[in-house]
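One structure is given here, and the rest of the page talks about it.
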Amino acid sequence: MRRRTLLTAAPLAAAGMAGLAACGSGSGGSNESPDSLTYWASNQGTSLENDKEILTPVLERFTEETGIAVDLEVIGWADLQTRIQTAITSGQGPDVVNIGNTWGVSLQATGGLLDLGDEQFEALGGRDRYVPAALATGGAVDTDPTSIPLYGLAYGMYYNVQMFADAGIEPPTTWEEMVEAAKALTDEDAGVYGMSLAAGSYTENNHFAFINATQNGASLNTEDGKPSFTEDGVVDGIMRYLDLMQEHKVVNPSNAQFDNGTKSVTSFANGEAALIINQNNAHATIESNGMSADQFAAIPFPAPADAVDDCASHLAGINLAIMKDTENVDGALQFLNFMTSEESQAELGEPFASLPVLVDGEPTFTDDTEQADMFMEIYGERAEPLPLVPWEDQFETSVGQAMNTMFATIATGGTVTRDDVVVAMQTAQDSIRA
Amino acid sequence: MPSKTAPESTRTPPQSADRPAPRRPRRHLFPYLILAPAVILELLIHIVPMATGFWMSFVELTKFFIRRWTEAPFAGLENFQIAIDLNTPVGQEFLNSFLVTLAFTALVVGISWTLGMAAAVALQRPFRGRGVFRTLFLIPYALPLYASVITWNFMLQRDTGAVNHFLVNQLGILDSAPFWLIGDNAFISVVVVAIWRMWPFAFLMFMAGLQSIPGELYEASAMDGATPMRQWRSVTLPMLAPVNQTMLLVMFLWVFNDFNTPYVLFGTAQPPAGDLISFHIYNSSFLSWDFGVGSAMSVLLLLFLLAVSLVYLYFTQWKKEKNNA
């Protein structure tokens, strides 16, 4: 009887395996379902619901123009990468998806996104419509990209105008001035600190490892595309950032528990910190937390006076990609074209506080032209892309998590030395299978 | 010895030439039909994923192959070597995670067992309000996991959490507010939350087991002058042995495999002190996109749990048989 059960089970198992195997064997896009598209959007607004409210009228306009119905799902950042992985593995997913632009090359390497060659760019109005550096995030060097820029973002340093005025301090232009200002504005007894950092967020921390390293003239990857996290400039850059909490004590140790940028924004809006470093979409979040537009302003994140590079941000943003298993390639291309049209860019740029990704685009996220110009300057001239290599995602997790742990050590009363940073970076580097 | 046999005509009914031959009995098919849905679901939910995971542990399933995963190159034992190579960060962190999980399991199972037993024995005899206590004790087990662990997350926040408010501001036991979710204290937090969730299960099982112990045994032992402690040791414990045996194994497996508690409690800010093995394997697979190494770690975990379970069952069964002999 046991033998018979096993014999019955074997074909079932084989059928199950064959079914699973079939899931991963799609060969490319088609046009079998030309009337509909499924779109996974990332969370750009103040909540998933807010995103839906903003996007729905835009997508309705697309349906009116093309007759293609769009099924929208907004996915939070905590889930988006796993959802995309699952979609790529199973071949069952959306037609079009938003991705963090730093994932561009890693996702390209999976082969799950549609290559955008000359033919596709013809449908999109040409490559030269897009800001070149932003388009470069869509794929590895000398390859056809698999995603195009949708929303541009750049870091800025937001300061509390009143606090600075009361202390008679000018907004800083160098790292040293920033530290001095933060020290002057720190009053531990009153629960006010000079700065607030998302020190428990590996996604934020890895960006600052990169920006500080770039200011030191160091690179995270060698010319042949291997990780080089233990270079002096990288280690010193990380140490400089950690010292804001450790040596200068201008960051509340509790920030080591801030596992996303919104927590530091809230802290800033509540008057618990005078400075935060956030991407320009923080405008909307700061205001929704109770500060009016005239109570805060942004300046470029400063580099040390003797810095090699005045990098103030990584080239942040959101890209738009077509899944290779789409059943509506033509419709998906129309959708990409629509979302990056001047009209849609202007319409979405305001609520999502994004920078235009088109060469002749105008920022609409703020009425303050000075602020808009400053962010456009950072985005266009003082932002560098994170390493455009397939292991970029592993850099984010390994270096970001290592920095989480080092901030936790400092916050809980321990000390992090330069040697500790070297060991942590060597460990992070060794964990990458490039 | 005379034998009584029925006449031939009554034993075998006459068969007419045009009557069909009797059909073979179909009763043997019925149990299989009843079992079929369970077998199919078992295959789909347990066996197929397990077999797939086992296969994945022998292939190089990185981001380059997740779309064409049936074409992933055969890696032999390389994934296993990476997982257990203590000269590499991957191996060292896996070992650290294993040791953290061992300590976590020992504490959670041990303390949950003790609390569950104490509460069940305390509520063994009827008294006014017993039902209220029983209900109260079972609440953590009945609450949805996500909701309860996220509440702990709020309570354990350094600046705004209820725990520090209580310990520092109300009772004044501590001078400064400690961190509970980062650093070494993260281990204490995850142990406490897991015990809070697990001990009502032990309590429930012991409570059910105690119902079946005849009251006469306690009366007789009391007549012989046994103290409550002696009664517990010589009556309660032996009578609860079958419940105890199964429950310890189930608790060990659940606690060792606990994914949800660290996942909800720590989120993406996973501290090394709270790096439980299921969570570690998830991160190794999904954050680094290396599903081959992640699967190898899963297979190693499976083999370890299988070995512990077999050794445990061998000794407990052996002991039982020896006692019966």
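Tabulated data
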{"quantity": "Average projection area in nm² (convex hull over Cα atoms of the range B:211-325, one quarter of hull surface)", "calculated": "10.7 nm²"}
{"quantity": "Proximal lysines to residue A:324, defined as alpha-carbon separation beneath 27 angstrom and excluding residues fewer than eight positions away on the same chain", "calculated": "A:52, B:63"}
{"quantity": "Sites residue B:309 and residue A:52 - FRET efficiency at Förster radius 35 Å, r taken between beta-carbons, to 0.05", "calculated": "0.15"}
{"quantity": "Extreme residue, positive dipole direction of the protein assembly as shown, given options A:320, A:254, B:298 (C-beta unit charges)", "calculated": "B:298"}
{"quantity": "Charge dipole magnitude, Cβ of K and R +1, D and E -1 - the range A:184-281, Cα centre, debye nearest 20", "calculated": "220 debye"}
{"quantity": "Nearby lysines by direct alpha-carbon distance to residue A:183 (threshold 24 angstrom, same-chain neighbours under 8 apart not counted)", "calculated": "A:249, A:263"}
{"quantity": "Compactness relative to 2.2 N^0.38 Å, alpha carbon Rg of the range B:140-186", "calculated": "1.25"}
{"quantity": "Those aspartates and glutamates that a straight Cα-Cα span of less than 14 Å connects to residue A:226, excepting residues fewer than 8 apart in one chain", "calculated": "A:392, A:393, A:430"}
{"quantity": "Of B:50, B:80, B:35, farthest towards positive along the dipole that unit charges on Lys, Arg, Asp, Glu beta carbons give chain B", "calculated": "B:35"}
{"quantity": "Additional length obtainable on full extension of the chain from residue A:347 to residue A:79, 0.36 nm per residue less Cα span", "calculated": "93.8 nm"}
{"quantity": "Residue order, fewest to most beta carbons within 10 Å, for B:135, A:46", "calculated": "B:135, A:46"}
{"quantity": "All-pairs Cα distance distribution in the range A:342-399, expressed in whole percent, bin size 5 Å", "calculated": "4, 17, 21, 17, 13, 13, 11, 3"}
{"quantity": "Max mean-square fluctuation residue, GNM over chain B, Cα-Cα springs under 10 Å, options B:182, B:281, B:139", "calculated": "B:139"}
{"quantity": "A:382, A:433 arranged by Cβ crowding within 10 Å, fewest neighbours leading", "calculated": "A:433, A:382"}
{"quantity": "Values of log10 I(q)/I(0), in the order q = 0.11, 0.13, 0.16, 0.25 Å⁻¹, for the range B:25-121 under a Debye, Cα-only, solvent-free model", "calculated": "-0.70, -0.82, -0.91, -1.17"}
{"quantity": "Long-range tail of P(r) for the range A:274-330 (Cα pairs > 16 Å, %)", "calculated": "63 percent"}
{"quantity": "Low-density loop positions, GluC sites (Glu not before Pro), the range A:219-313 - DSSP coil, at most 14 other Cβ in 10 Å", "calculated": "A:223, A:247"}
{"quantity": "Note, ³J(HN,Hα) from phi for the range B:111-120, Karplus 6.51, -1.76, 1.60, rounded to Hz, x at Gly and Pro", "calculated": "6, 5, 4, 5, 5, x, 5, 4, 5, 5"}
{"quantity": "Cα-projected label distance for residue A:370 with residue B:159, points at 7 Å along beta-carbon direction, nm", "calculated": "3.0 nm"}
{"quantity": "Sorted largest first, extent of the protein assembly as shown alpha carbons per principal axis (Å)", "calculated": "119, 81, 50"}
{"quantity": "Pairwise label distance in nanometres, residue A:61 with residue B:234, each label 7 Å out on the Cα-Cβ vector", "calculated": "8.7 nm"}
{"quantity": "Chain A: relative contact order as a whole-number percent, Cα under 8 Å and 6+ apart", "calculated": "26 percent"}
{"quantity": "Inverse mean reciprocal Cα-Cα distance (Kirkwood Rh) of the range A:281-434, Å", "calculated": "19.2 Å"}
{"quantity": "Estimated FRET transfer efficiency (residue B:146, residue A:173; beta-carbon r; R0 35 Å; 0.05)", "calculated": "0.15"}
{"quantity": "Farthest toward positive dipole pole in the protein assembly as shown [+1 Lys/Arg, -1 Asp/Glu at C-beta], among A:55, B:146, B:315", "calculated": "B:315"}
{"quantity": "Kirkwood-type radius of chain A, with distances r between different C-alpha atoms, in Å", "calculated": "22.9 Å"}
{"quantity": "Dipole magnitude of chain A about its Cα centre (Cβ charges: Lys, Arg +1; Asp, Glu -1), debye to nearest 20", "calculated": "2240 debye"}
{"quantity": "Helix-only [θ]222 nm of chain B, DSSP H runs n ≥ 4, -39500 (n - 2.57) each, per residue, nearest 500", "calculated": "-19500 deg cm²/dmol"}
{"quantity": "Descending principal axes extents, the range A:65-110, alpha-carbon based, whole Å", "calculated": "33, 21, 17"}
{"quantity": "Cα Rg, Dmax (largest Cα-Cα span) when computed across chain B, Å", "calculated": "28.4, 102"}
{"quantity": "R0 of 45 Å, Cβ-Cβ distance residue B:44-residue A:165: FRET efficiency to nearest 0.05", "calculated": "0.10"}
{"quantity": "Fewest-first sequence of A:418, B:68, B:158, A:129 by Cβ atoms within 10 Å of each Cβ", "calculated": "A:418, B:68, A:129, B:158"}
{"quantity": "Assigned charges on the beta-carbon of Lys, Arg, Asp, Glu; chain B dipole about Cα centre (debye)", "calculated": "1660 debye"}
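A short reminder: the numbers here are calculations on the coordinates, not readings from a lab. Because the structure is a prediction, the values reported are computed rather than measured. So basically every Cβ, Gly included, is an ideal-geometry build from the backbone, and we count neighbours across all protein chains shown.
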